[in-house]
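The values are calculated or read from the model by the stated rules, or taken from the named source; none is laboratory data. All figures in this text were calculated on a predicted structure; none of them were measured in a lab. Cβ sites come from the backbone with ideal geometry, for glycine too, and all protein chains shown count toward neighbours.
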Amino acid sequence: MVYYTKAVEASTNSAHPRRIVLTGFMGSGKSTVGPLIAARLGWSFIDVDDVIEAEAGVTIAEIFARHGEAAFRKQEHEAIARLAAGDSLVLALGGGAIEHESTRALLLAAPGTLLVHLEVELATTLKRCQGTEQTRPILADQANLAARYQRRLPLYRTAHVSIPVDALTPQQAVDAILRSVRLIPVP
């Protein structure tokens, strides 16, 4: 099932988007589904977190530790604003990017941009991310994780399209996204 939270044609200012931006909580499949969408469309795939780490020369965890979250979110917003200007692009956001109001506003209003929320339940996140606690320390803090999930969920749902992906394979999620904007025929 696909939920249209905004008018897709109006938001992309064209019949088809020129870029698809994926948002969602950790474990929603942004970094898995993104390259599959890009391959299907013959577009490029970029993970914003990878770009930030490459430009900074350190991990995101190190940026947080050295400079704090506010500095990271500023850097993240600047990277997203620059990258979201590209065409024929699938962009995967970090899970917290949606919390930055100006990032959200930019992606919702940018001509040719389709913001897609890959929605998962918290239990799905825990299952999919099991074993990644070393790179995702927030997973060990269940209370904070649940609060973060609840805080972000309504923000994710402001996306143009929201697709529950708990029970979908990555390929089924790709098909649902492409069908939502009529980039593939609806069976």
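Of 46, 63, all but one fail to be within 24 Å of residue 181 (Cα to Cα), of a type in the set (A, V, I, L, M, F, W, C) and surrounded by 13 or more Cβ atoms within 10 Å (Cβ to Cβ); the exception is 46.
The helices (runs of 4 or more DSSP H) found entirely in the stretch 1-73 that carry 1 or more residues being modelled with pLDDT under 90 are 8-12, 60-67. Filtered by the rule that a residue be of a type in the set (S, T, N, Q) and either crowded, with 17+ Cβ neighbours inside 10 Å or at pLDDT 95 or above (or both), the stretch 109-162 gives 113, 124, 125, 158, 162.
Taking the listed residues 25, 64, 72, the one that is under 20 Å from residue 169 (Cα atoms) and aromatic (Phe, Trp, Tyr) is 25, with no other qualifying.
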